[in-house]
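The values are calculated or read from the model by the stated rules, or taken from the named source; none is laboratory data. Only a predicted model underlies this, so the values are computations on that prediction, with no experimental measurement involved. All Cβ positions, glycine included, derive from the backbone under ideal geometry; neighbour counts span all protein chains shown. Heavy atoms of the whole protein, side chains included, go into the accessibility calculation; ligands, DNA and RNA do not. Shrake-Rupley method; radii C 1.70, N 1.55, O 1.52, S 1.80 Å.
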Amino acid sequence: MSDYILFYAPGTCARVPMTCLEEAGVSFESRVVSFIAKEQRDVDYLKLNPAGKVPVLVEDGRALSENVAILGYLGRRFPDAGILPPAETEFERCQHVSDLAFCASVLHPIVTRIRIPERFCSLDGARSDVWKLAAEMMIPHFDFIDARLGQSPWWYGEKWAAMDSYINWVWFRVTGAGFPQERYPNLATHAERIAARPSVQRVLARETAGQEDLVSRGLNYGFQPVASVPLD
Ligand SMILES: N[C@@H](CCC(=O)N[C@@H](CS)C(=O)NCC(=O)O)C(=O)O
């Protein structure tokens, strides 16, 4: 019997808390949610998270949603896992929350527009407009992140933290949707460091198993990339 259940879908932002659970070395069950079958809108799932989103972390029958809350909880619950960096003061702790919220509230909505622009337009041919506007919105954020990652291997210096996996998920998602990588060498080498972590390899194996389960049930999520649009 696992201590935790994590509801996730392959490739989604649930990869970040899943990585933290692996880094903490705790036993957890990962339960795949099919977006094609709209399982995130099932009555029972909405009882766990009324927003109908992954991730959801279940502990002792209680559900926690929203990455900032889940990552903050896991960071405090497993202080030796390095999920959150050390903080001397309440102000520093809140700065770390602010970093995670930057990923969740600023970057993630841009990711969604780049990945699934059709959710934000109805006119034929407007997908590429939404993609382009969102990609241009991402540029100053990536400029800032890339410059910071040029100063040290990880976001907070010499050690991995959840923030690194969150940034890497954003990078993985948008570069997988045609966002150009060339301007961001530090994000690219950071991605190589992330991929080398045993925790991440275990997460990818779980995602692959989940993906195979979806495919076997005829529930593969068919991603439709936008044809390449030059950025200004
Ligand atoms: N603010 C939420 C965002 C979660 C979210 O948007 N999850 C996406 C996957 S990356 C999702 O579940 N999408 C399903 C849907 O919108 O129907 C968090 O940080 O946990």
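Helical runs (DSSP H, four residues minimum) scored at -39500 (n - 2.57) apiece and divided by the length of the chain put the mean residue ellipticity at 222 nm at -15500 deg cm²/dmol. For the chain, the Cβ-based charge dipole about the Cα centre amounts to some 400 debye (Lys, Arg positive; Asp, Glu negative; other atoms uncharged). Take the Cα of residue 95, step 7 Å toward its Cβ, do the same at residue 37, and the gap between the two points is 4.6 nm.
Can you give me the Rg/Rh ratio for the chain, using Cα atoms for both radii and the Kirkwood formula for Rh?
Values: Rg = 17.7 Å, Rh = 18.5 Å.
Value, to two decimals: 0.95.
The dipole here belongs to segment 90-195: it is taken about the Cα centre, uses +1 on the Cβ of Lys and Arg and -1 on the Cβ of Asp and Glu, and is about 220 debye.
Between residue 228 and residue 143, how high is the FRET efficiency from 1/(1 + (r/R0)^6) when r is the Cβ-Cβ distance and R₀ = 22 Å? Nearest 0.05. Please list the in-between numbers first.
Details: r = 21 Å, r/R0 = 0.95.
The calculated FRET efficiency here is 0.55.
Annotation: amide H of residue 29 within the under-5 Å range of 4, 5, 6, sequence separation 5 or more or interchain, hydrogens built in the peptide plane.
Using the Cβ atoms and a cut-off under 14 Å, what net charge is assigned to the surroundings of residue 9, where Lys and Arg are +1 and Asp and Glu are -1?
Details: positive: 15, 31, 38, 41, 53, 115, 173, 206, 217; negative: 39, 42, 207, 212, 213.
With Lys, Arg at +1 and Asp, Glu at -1, the neighbours total +4.
Proximity of backbone amide H atoms, modeled 1.01 Å from N, is registered between residue 56 and 7 at under 5 Å, excluding neighbours fewer than 5 places apart on the same chain.
Remark: segment 147-161, residue by residue, has Karplus-estimated 3J(HN,Hα) of 5, 5, 6, x, 9, 7, x, 10, 4, 9, x, 8, 10, 4, 9 Hz, where x stands for each Gly or Pro and the curve is 6.51 cos²θ - 1.76 cosθ + 1.60 at θ = phi - 60°.
Along the charge dipole of the chain, which of 205, 89, 218 sits closest to the positive end, that is, farthest toward it, with unit charges on the beta carbon of Lys, Arg, Asp and Glu (+1, +1, -1, -1)? So the residue we want is 218. Amide H contacts for residue 155 (H built 1.01 Å from N in the peptide plane; partners 5 or more residues away or on another chain; cut-off under 5 Å): 161, 164. Binning all Cα-Cα separations of segment 90-195 at 5 Å, short to long from zero, yields these whole-percent fractions: 2, 12, 22, 23, 18, 11, 7, 4, 1, 0. Per residue, segment 149-232 exposes 52 Å² of solvent-accessible protein surface, assessed with a 1.4 angstrom probe and all protein chains in place.
Please compute the length gained on full extension between residue 221 and residue 105, using 0.36 nm multiplied by the number of residues separating them and subtracting their Cα-Cα distance.
Details: separation 116, 0.36 × 116 = 41.76 nm, distance 2.45 nm.
Between residue 221 and residue 105, full extension yields an extra 39.3 nm.
In segment 19-111, taking the dipole from charged Cβ atoms about the Cα centre, the farthest positive-side position among 61, 100, 25 is held by 61. Candidates 161, 194, 117 compared by Cα position along the dipole of segment 90-195: farthest toward the positive end lies 117, with charges placed on Cβ. Once the 1.4 Å probe is applied to the protein heavy atoms, segment 1-110 comes out at 49 Å² accessible per residue.
Surface composition of the chain: carbon plus sulfur atoms contribute 54% of the solvent-accessible area (1.4 Å probe, protein chains only, all chains present).
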